[in-house]
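J.: Quick one: structure below, then a few questions.
No value in this document is a laboratory result; all are computed from the given coordinates. As the structure is a prediction and not an experimental result, all values here were calculated from the model. FYI the Cβ positions are ideal-geometry reconstructions off the backbone, even for glycines, and counts take in every protein chain you see.
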Amino acid sequence: MRPVCDWPATDLRGGPDGRVGRRAVLLGAAAASVTVASAAAVATRRAATARADAPPPAPVPVAAGLEILPRDAWGADLPPGPLRPETPRFLLVHHTASPNDYRDAREVLRGGFRFQTGPAKGWPDVCYQFFIGRDGDVWEGRAGSLAGPVMADATGGSQGWAQLVCLIGDFTTAAPTPAAIDSLVLLLEWIARRDGIDVSEGATATFVSRGSQRWSIGTTVTTPTIAAHRDMSYTVCPGAPVVAMLPEIRQRVAEVHRRYTTPAALPPHPDGLSPARRLGTTRAV
Ligand SMILES: [Zn+2]
């Protein structure tokens, strides 16, 4: 089975010098479009240039210790195609299976967009609702996911009913960083609370599959409400180390969820963590 989870097989470490700035990326894209002699291309170029002159969008605080960088932080000039809303019943954990020594998460996400919206997949946008970088940085993936649940895509068809959280990196053998797992716990809990998914310990969801390579269309599936991609498709994603951590992750999510759903006030996060501000560029592994 491929360790890759719907990600390009090419090396994605963040460009030649690994420090490709947002402005440079956008202006580069604008320059490339000069040869396209159409009014639409000119309008697109002007819009991209205007966005390049704008400050990067601020991370959006959604929960104690959790901020999410909106999609425009990495893909303002990469408009999605038509997307549909979802009625999520559970949450699904993935990894990109791309190199762990990337230097700029934004370039990894842009490479994923090009691959997944290109001829190989033909999807309207990256298929994951959210990404998490090794510094604990959290990114909106598929457009609109910060505002509410949107429908995902997956290779071989999607069983549906899930919101997808994808760890940036290859965790076939390596384990994610503690910072990434901390953010994963907070992100899963926030999505569950927003979308009304039961993440108490032992919680399961039952749904009728829309058709994946593992669960053919019409199959009734029961799953823990926090599941691994390999539970839904024949893949090693999100990697054995992450799968081994899922029981503890579910326990931690349930614990945080209890703090939000009981009358006691939620204590402030111990170190005022703002992972999103790190932009995934602070450290090479
Ligand atoms: Zn996956």
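J.: Scan the range 88-111 for residues that are assigned to a helix (DSSP H, G or I) and of a type in the set (Val, Ile, Thr) and jot them down. If you could, list the steps in order and put the result at the bottom.
T.: Filtering the range 88-111 down to residues assigned to a helix (DSSP H, G or I) leaves 105-111.
Correct list: VAL108 only.
J.: Search the range 200-245 for residues being within 12 Å of the ligand (Cβ to nearest atom) and outside any loop (DSSP other than H, G, I, E, B), and hand back the single one that is nearest to LEU188 (Cα to Cα).
T.: ALA227
J.: Quick check: is even one residue across the range 119-126 of a type in the set (D, E, K, R), crowded, with 24+ Cβ neighbours inside 10 Å and under 14 Å from the mean Cα position of the chain (by Cα)? Please lay out each step first, then the result.
T.: Here is the first cut: in the range 119-126, the ones of a type in the set (D, E, K, R) are 121, 125.
Remaining after also requiring crowded, with 24+ Cβ neighbours inside 10 Å: 125.
Applying the additional criterion that residues be under 14 Å from the mean Cα position of the chain (by Cα) yields 125.
Checked the range 119-126: at least one residue is of a type in the set (D, E, K, R), crowded, with 24+ Cβ neighbours inside 10 Å and under 14 Å from the mean Cα position of the chain (by Cα).
J.: Given the options ILE249, ILE197, ILE226, name the one that is farther than 24 Å from PRO85 by Cβ and either buried (at least 21 other Cβ atoms within 10 Å of the Cβ) or touching a residue at least 40 places away in the same chain (Cβ under 8 Å) (or both). Don't jump to the end; show me each part of the working.
T.: Values: ILE197 fails: farther than 24 Å from PRO85 by Cβ; ILE226 fails: farther than 24 Å from PRO85 by Cβ.
Answer to the check: ILE249.
J.: OK, next. Identify the single condition in (1) assigned to a loop (DSSP other than H, G, I, E, B); (2) out of contact with any His (no Cβ under 9 Å at 6 or more places or on another chain) that LEU187 does not satisfy, given that it satisfies every other one.
T.: Here LEU187 meets the rest and fails (1).
J.: Moving on to the next point. SER183 - would you say it is of a type in the set (Ser, Thr, Tyr), surrounded by 24 or more Cβ atoms within 10 Å (Cβ to Cβ) and away from the ligand (no atom under 16 Å from the Cβ)?
T.: On the way: of a type in the set (Ser, Thr, Tyr): yes; surrounded by 24 or more Cβ atoms within 10 Å (Cβ to Cβ): yes; away from the ligand (no atom under 16 Å from the Cβ): yes.
For SER183, the condition - of a type in the set (Ser, Thr, Tyr), surrounded by 24 or more Cβ atoms within 10 Å (Cβ to Cβ) and away from the ligand (no atom under 16 Å from the Cβ) - is met.
J.: Return yes or no: is ARG134 part of a loop (DSSP other than H, G, I, E, B), basic (Lys, Arg) and away from the ligand (no atom under 16 Å from the Cβ)?
T.: Considered against the rule, which asks whether it is part of a loop (DSSP other than H, G, I, E, B), basic (Lys, Arg) and away from the ligand (no atom under 16 Å from the Cβ), ARG134 comes out as yes.
J.: If you don't mind, there's one more thing I want to ask. Name the pairs whose Cβ atoms lie under 8 Å apart, with the first residue in the range 151-164 and closer than 13 Å to ARG214 by Cβ and free of Cβ contacts under 8 Å to residues at least 24 places away in the same chain, the second of a type in the set (Phe, Trp, Tyr) and within 11 Å of the ligand (Cβ to nearest atom), and 6 or more positions between them or separate chains?
T.: none
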